[in-house]
Amino acid sequence: MRARLLLAAASGAGAVFAITLLTFVWQWNESRPRSWNSAEVTSEFDVADVEGDARTLVLSYILHNHGDRDYRIDSTAGISLAGRRQEKGDLTFGTDSTIRLDTPVLVPSNERSRVTIHLSYSCPGINLEPDDTAENRKMNRSRVADCIGDEFSNLAGLVLYDPHERIRIDFPKPR
C-alpha cells in the first residue's frame, strides 16, 4: 500500500513537472521573434502607369496567397514600404507621402488579387498619347517602363513589411 502511495505521489509530481516544463518551453517559443515569412504571399509585376498632372507613378502588382488563410491589410497603420537598391541591396523606407499602398487589400487563401502602389516620383518630360485605343495604351505603358528604367536604374524592387502577420512581400522591379 505504501509503495502505491509513493508511486502515485511520484507520478503526480512528474506530471506537474512535465506540464510546467512544457508550459515554459511553449511560452519561451512564443516570445521568440519570428522571422519574416516571404513565401506565404508573393507578387508579380502587372503594369506601370502615371496619374494626375504631375504624372506620378502608379505600379500594379498581382499578389499570390499560397497560405491556408486569407491575407488582409485593412489599413497601412504599422505597414512599412521600402525600396530596395540594386547596387547594395539596402532598403530605403518611404513615408505615406512618397510611397502609398491602396487599401483595403484582401487576398483569399490560394487566390490572387491585384494591388496598387503609388509613388510620388514623376517621369519628367514624358509625353503620353490619349488612352483611347489599345495601341496608345500599349505605347504609353512602354514609355512609362522606359522612364522607370532610366529614372530608377538603381531600384531592385519594393518590399512590404507587415508586422501584424510577420509577412514580407517582395515586389519585383517594374519593367
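The values are calculated or read from the model by the stated rules, or taken from the named source; none is laboratory data. No experiment lies behind these values; they were computed from the predicted model shown. Using ideal geometry, Cβ is built from the backbone for each residue, glycine included, and neighbour counts are taken over all protein chains shown.
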- Name the pairs: first residue in region 93-104 and more than 14 Å from S60 (Cβ to Cβ), second residue charged (D, E, K, R), Cβ to Cβ under 8 Å, at least 6 apart or on different chains? T103/D74; P104/R72; P104/D74
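To keep it simple, each residue is scored yes or no on (1) in contact with a helix residue (DSSP H, G or I) (Cβ under 7 Å, 6 or more places away or on another chain); (2) among the charged types (D, E, K, R); (3) part of a loop (DSSP other than H, G, I, E, B); (4) at pLDDT 95 or above.
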site: A9; (1), (2), (3), (4): no, no, no, no
site: T23; (1), (2), (3), (4): no, no, no, no
site: Q27; (1), (2), (3), (4): no, no, no, no
site: D53; (1), (2), (3), (4): no, yes, yes, no
site: G78; (1), (2), (3), (4): no, no, yes, no
- Item | Residue, modelled with the lowest pLDDT, within region 36-48, restricted to residues that are among the charged types (D, E, K, R) and under 13 Å from R114 (Cβ atoms) | D46
- Quick check: anything in region 56-76 at pLDDT below 90, more than 29 Å from R34 (Cα to Cα) and not aromatic (F, W, Y)? yes
- Give the residues of region 81-127 that are within 25 Å of R143 (Cα to Cα) and of a type in the set (K, R), sorted by residue number. R84, R85, R100, R114
- Item | Which numbered condition A77 misses (of (1) more than 20 Å from G149 (Cα to Cα); (2) surrounded by 13 or more Cβ atoms within 10 Å (Cβ to Cβ); (3) of a type in the set (A, V, I, L, M)) | (2)
